[in-house]
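Novice: The structure under discussion is supplied below as C-alpha cells; questions concerning it will follow.
Derivation of every value follows stated rules applied to the coordinates shown; laboratory data play no part. Being a predicted model, the structure only gives us computed values, none of them experimental. Positions of Cβ are backbone-derived with ideal geometry, glycine not excepted, and every protein chain shown enters the neighbour counts.
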Amino acid sequence: MEMQEQEQQGREQGFTLIELLVAIVVVGILTAVAIVGIAGLTSKGGQSACKASQDAASAAAAVYYANSPTNQWPTSFTDMINSTPQPDLTIPSDVTNGGATLKANNGSWTLTIAGGGATQPTFSGCETTGGS
C-alpha cells in the first residue's frame, strides 16, 4: 500500500511529457510570431531612411538651382555635394554615393536622380529591396 502512495506522490510532483511538449510548441509559435514582426520593422526602417534621404536631396537640389548662375538643376548627387554654397546634404557613412545614385551599403534601398540640367530632377527608388 505504501508503495502505491509513493508512486502517486511522485507523479504529482512532475510534468508529463505531453505537458512539456505543449509548452515547447507554444514557445515556438510565439517566437515565430515575434521574428515575423521584427523583420517587418527592419524593412520599414530602410524605407524611412530612403525617404529621409529623398527629402534632403530634393531640398539640396532646390538650393543648387537657387545658387546656379545659369539656372541649372543638378544632374547627380555629386553636383549637389560639391556645389558652393554647400547644401545641407550629408551622405551618411552607411550610404555610398555613386553619382546618379545613393545606395545603402546594406542593400536595403537605392535612390536615383533623373533629369537635371534645364529640368527639375526627380528622385525615385524608395521601394525597399531587401538587405539586412
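Novice: Quick one: if you stick a label point 7 Å off each Cα along the C-beta vector at V36 and A52, how many nm between them?
Specialist: Each label point lies 7 Å from its Cα, and together they span 2.9 nm.
Novice: Rank the residues F15, F123, F77 as a footprinting-exposure proxy: fewest other Cβ atoms within 10 Å of their Cβ go first.
Specialist: Ordered by Cβ neighbours within 10 Å, fewest first: F15, F123, F77.
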